[in-house]
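J.: Before we start, here is the structure in question, set down as structure tokens.
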Amino acid sequence: MSVRKSFAGLLLLYFLPITNLFGQSIPQMEYFFNADPGIGNGNPLTITPADSVSINQAINVTGLSAGVHKVGIRARNNNGVWGHAEFRNLFILSVGYNATDSMPGTAEYFYNTDPGVGNATRVMFSPANSVNVNIPLDITALGIGSHSVGVRFRNQHGEWGHTEFRKLFIQNSIADTLNREIIGGEYYFGDTIPPSGGGYSFSVANAGDSITVLIADTLNNLTPGQHKIHIRFKNARDEWSHQESRMLTICSIYGPQSDFTYRIEGNKAFFTNESVFDDTRTWKFGDNLSDTVRHPIKTYLSAGPKMVELITQNVCGNDTLATPLEIRGLQNINPGRAGNAGISTLT
């Protein structure tokens, strides 16, 4: 995403559609640049409340300097629950930029910590609008374990592009395959990555290529809300793996448990919601129609098998229960007249 500063400080913002999977309306969205100001404190976006929202509008970038920036966007449902922020990079270009400018043949790379634009290890190549460069990386100073490498390019105006990152792993030069089983690991929370061995450590009772880890005690000490957890593993050579990261939510209440009963009379189904801990719910009746009332009465227009789903939700999560039912259509006939003996014929 690029923009010239001469564009009167406006940027056309486009994101993939934001969709609420649980039938809740999205009444509010906001965006921010670079540092997160906190939930509810971003710049408001003008939207029409709906289950799915697409954004295509101009936002003000007057205060942004030339160079790389990050824009974040998030949405709130009508229960007041905010989703995770989605991020995109954008580049503010100086006045006079020409999209056909070629690169002057300069790139740079660095490991782990960004030293700042123009301060990394330089690489020279033949300039062109599009390049395919094989960069010989000097890894002599890197220790055994996981590292990240960042690479960026510069055009002839001295403007640097976004930094692209890749993971690499430095391992022991020993050629044998012994001692590679997982013997332990560690985990940690937040956006700050500690050095290998600096997290909450755990051991493995039975070393192996694949293990199952149960983490409980430390999670009990987390405050309610959203957290990011990272985990990495170590083999018998003291070599660490790349980290794996996931988002988790710590709740002060239980998540919902969907449950319902029903009875059928003709082409009508009477549903009784017996769920617990549910703040909101969405019924799907198996005919492409839905409802959000607690105890719906559904009139079906056609007979046959139906798969009914009840999706319940609260701030801690959601739960879905699917149950089949059968609408039989014609169930009985009450003739207006018939004989009092012998065979009666209904016409």
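No lab work stands behind these numbers, since they all come straight from the coordinates. Given the structure is predicted, the values throughout are model-derived calculations rather than measurements. As a convention, Cβ positions derive from the backbone with ideal geometry for all residues, glycine included, and neighbour counts pool all protein chains shown.
J.: Using per-residue counts of other Cβ atoms within 10 Å, averaged over each peptide, order 266-279, 309-322, 46-59 from highest down.
T.: Working: 266-279: 15.9, 309-322: 18.1, 46-59: 12.9.
Packing order, densest peptide first, comes out as 309-322, 266-279, 46-59.
J.: In addition: Once you have the alpha carbon radius of gyration of region 107-226, what is it after dividing by 2.2 N^0.38 Å, with N set to its residue count?
T.: Cα-based Rg divided by the globular estimate yields 1.46.
J.: Subtracting the Cα-Cα distance from 0.36 nm times the residue separation, let me have the gained length for SER25 to ARG166 in nm, one decimal.
T.: Details: separation 141, 0.36 × 141 = 50.76 nm, distance 3.79 nm.
47.0 nm is the gain from fully extending SER25 to ARG166.
J.: For the residue pair ALA35 and ILE144, what label-to-label distance in nm results when each label sits 7 Å from Cα along the Cα-to-beta-carbon direction?
T.: The two pseudo-label positions are separated by 4.1 nm.
J.: Treat the count of other C-beta atoms within 10 Å as a stand-in for reagent exposure and order LYS167, LYS298, LYS228 from fewest to most.
T.: LYS167, LYS228, LYS298
J.: Could you give the length gained by full extension between LEU289 and HIS227, i.e. 0.36 nm per residue of separation minus their alpha carbon distance, to one decimal place?
T.: Working: separation 62, 0.36 × 62 = 22.32 nm, distance 3.58 nm.
18.7 nm is the gain from fully extending LEU289 to HIS227.
J.: Calculate, axis by axis, the spread of Cα positions in region 267-330 along the three principal axes, and write the results as whole Å, longest axis first.
T.: Per principal axis, max minus min of the Cα coordinates gives 43, 18, 16 Å.
J.: Cα-based Rg (one decimal) and Dmax (whole number) for region 227-310, in Å?
T.: Gyration radius and largest Cα-Cα distance of region 227-310: 21.9, 70 Å.
J.: If I model a spin label as a point 7 Å beyond the Cα along the Cα-Cβ vector, how far apart are those points for ALA66 and ASP191 in nm?
T.: Label at ALA66, label at ASP191, 2.7 nm between them.
J.: List, in order, the whole-Hz ³J(HN,Hα) value for each residue of region 255-271 obtained from phi through the Karplus relation with A = 6.51, B = -1.76, C = 1.60 and θ = phi - 60°; use x for Gly and Pro.
T.: Those phi angles translate into x, x, 10, 6, 6, 7, 10, 7, 9, 10, 10, x, 9, 10, 10, 9, 9 Hz.
J.: I'd like the FRET efficiency for ARG88 and ALA205, computed as 1/(1 + (r/R0)^6) with the beta carbon distance as r and R0 of 35 Å, rounded to 0.05.
T.: Details: r = 44 Å, r/R0 = 1.25.
It comes out at approximately 0.20.
J.: How far, in nm, would the chain grow between SER252 and THR299 when pulled straight, counting 0.36 nm per residue and subtracting the alpha carbon separation?
T.: Extra length available between SER252 and THR299 comes to 13.1 nm.
J.: Which shape class, rounded, prolate or oblate, goes with region 198-265 when its Cα gyration tensor gives a ≥ b ≥ c as root eigenvalues, a/c under 1.5 marks rounded, and past that a/b bigger than b/c marks prolate?
T.: On the way: a/c = 3.26, a/b = 2.07, b/c = 1.57.
Because a/c hits 1.5 or more and a/b exceeds b/c, region 198-265 counts as prolate.
J.: Send over the per residue convex hull volume for region 157-283, Cα only, as a whole number of Å³.
T.: In region 157-283, the Cα hull volume divided by residue count equals 292 Å³.
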